[in-house]
Amino acid sequence: MGSLGQTASLRVQPLKKGTSIDHLEYVDVTPIIGREYPTASLKEMLDAPNSDDQLRDLAITICERGVVFFRKPQDDLSVEEQKHITDLLGKLTGRPAENGLHVHPIYNDPNNLPMADGTTDKNIYVINSEAAKKLYATMKNRPGTAGEPRDLGREWHSDSLYENCPSDFSFLRMQDTPAAGGDTLWCSGYEIYDRLSEPYKRFFESLTATCAQPVFKSACEAGGYDVMTPRGSPLNKDYEFSPSHPVVRTHPVTGWKSVFAGVGIHVSRINDVTSYEDTMIREYVLRLITRNHDAIARMHWTRGACAIWSNECTFHAATPDTHLVDGVRTGVRASGIGGVPYLDPASTGRREALGLPKY
Ligand SMILES: [Fe+2]
């Protein structure tokens, strides 16, 4: 167990779950990551007299388990309510009071997809397999990769790392989905940290990474429109898309260490190392994800199902295989914005904090 002394010296005290959602039926997706609620209704949780308690306990559960699935179609939940829940999960668990929902930087782009009713919302990111098919058609011809299978390792990422304050919670609701394909996978950053040897833990904890995303500026310039600003925090503004984040961070809600800015499209450079070392470190983190699939929860989507995850302790990857099947896949995602990521030297890994065996 993490000693009392260690916990007391933490920069932010970990939150402890209450009992307000103990009545909900659930099954853990794997021993390490994920929890599925087969029958629970988010609308009922939102409308309950102790709604704040329930959503706070749900938020802590998400931070401990990494990701939760709501399997029953959440048809009675409006987009406004989805946004409200996403916002409350962060608000009820101590994120900076001035932060709110993320706004996509290039929301003004004319190719920004509308929701099923034809409207758009600056806090909602729309997923649409028909649009993805068009994107895939262009991606197929990337220089040097024509005729080769794609490297799906490229899919692993954490949301909005290009912001000074990246996302805390993301909430994706699948509105329509084909019978097969389009699964999403989440990997526990806690567990990836715990699989490092002690010398590698210390090495990784000394690293930061630049998470630059220059594509937003070039898209705005090419399209002749303004970037959205601010984006869920006064610190996420203008064309500031190149923060440095810790490669290992402390989760602000659980107090556990997680590998963070070590993989994904938004991580552009491990700082202060040679380019060869940069490549080696990032390939090693990706290798850790692909060689430890017991740290991965996989969601086979069904109509109306929802996933809510903590970007502060997980990576996720889409499976771009819906072009192989008939049927349209559409979903809507809202994301909250957390605080500036930090590494608290007094924090420990999840296994140590829970008194679990090392491996
Ligand atoms: Fe994502």
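The figures follow:
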quantity: Complete set of residues in region 185-204 that are within 16 Å of the ligand (Cβ to nearest atom) and open to solvent by 10 Å² or more (accessible area, probe 1.4 Å); calculated: LEU185
quantity: Matching residues in region 148-161 - criterion: being open to solvent by 10 Å² or more (accessible area, probe 1.4 Å) and either within 12 Å of the ligand (Cβ to nearest atom) or at pLDDT 95 or above (or both); calculated: GLU155, TRP156, HIS157
quantity: Within region 217-272, tally of residues that are in contact (Cβ under 8 Å) with a residue 24 or more places away in the chain, outside any loop (DSSP other than H, G, I, E, B) and not β-branched (Val, Ile, Thr); calculated: 12
quantity: Any chance ASP53 is more than 26 Å from THR330 (Cβ to Cβ) and assigned to a helix (DSSP H, G or I); calculated: yes
quantity: Members of region 191-208 found to be out of contact with any Asp or Glu (no Cβ under 9 Å at 6 or more places or on another chain) and closer than 13 Å to ILE296 by Cβ, listed by number; calculated: ILE192, ARG195
quantity: Neighbours by Cβ (under 7 Å, 6+ apart or cross-chain): first from region 170-186, of a type in the set (Lys, Arg); second more than 16 Å from the ligand (Cβ to nearest atom) and part of a loop (DSSP other than H, G, I, E, B); calculated: ARG173/GLN74
quantity: Residue in region 318-330 that is within 25 Å of SER233 (Cβ to Cβ) and open to solvent by 10 Å² or more (accessible area, probe 1.4 Å) present; calculated: no
quantity: Every residue from region 89-106 that is more than 10 Å from ILE337 (Cβ to Cβ), out of contact with any strand residue (DSSP E or B) (no Cβ under 9 Å at 6 or more places or on another chain) and in contact (Cβ under 8 Å) with a residue 24 or more places away in the chain; calculated: LEU92, GLY94, PRO105, ILE106
quantity: Residue count, region 273-305 (criterion: farther than 30 Å from PRO73 by Cα and either in a helix (DSSP H, G or I) or touching a residue at least 24 places away in the same chain (Cβ under 8 Å) (or both)); calculated: 19
quantity: Residue match in region 266-283 (condition: within 16 Å of the ligand (Cβ to nearest atom), among the hydrophobic types (A, V, I, L, M, F, W, C) and within 28 Å of PHE70 (Cα to Cα)); calculated: no
quantity: Qualifying residue in region 50-58 (condition: modelled with pLDDT of 95 or more, over 24 Å from GLU312 (Cβ atoms) and out of contact with any Gly (no Cβ under 8 Å at 6 or more places or on another chain)); calculated: yes
quantity: Qualifying residue in region 318-328 (condition: assigned to a loop (DSSP other than H, G, I, E, B), touching a helix residue (DSSP H, G or I) at 6+ places or on another chain (Cβ under 9 Å) and within 13 Å of the ligand (Cβ to nearest atom)); calculated: yes
quantity: Any hit, region 129-144, residues being at pLDDT 90 or above and out of contact with any Lys or Arg (no Cβ under 7 Å at 6 or more places or on another chain); calculated: no
quantity: Checking ALA180 against (1) part of a loop (DSSP other than H, G, I, E, B); (2) open to solvent by less than 30 Å² (accessible area, probe 1.4 Å), the condition it does not meet; calculated: (2)
quantity: Checking SER347 against (1) within 16 Å of the ligand (Cβ to nearest atom); (2) open to solvent by less than 10 Å² (accessible area, probe 1.4 Å), the condition it does not meet; calculated: (1)
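The values are calculated or read from the model by the stated rules, or taken from the named source; none is laboratory data. Being a predicted model, the structure only gives us computed values, none of them experimental. Neighbour counts are summed over all protein chains in view; Cβ atoms, including those assigned to glycine, are modelled from backbone coordinates with ideal geometry. Ligands, DNA and RNA are excluded from the accessible area calculation, which covers all protein heavy atoms including side chains. Shrake-Rupley method; radii C 1.70, N 1.55, O 1.52, S 1.80 Å.
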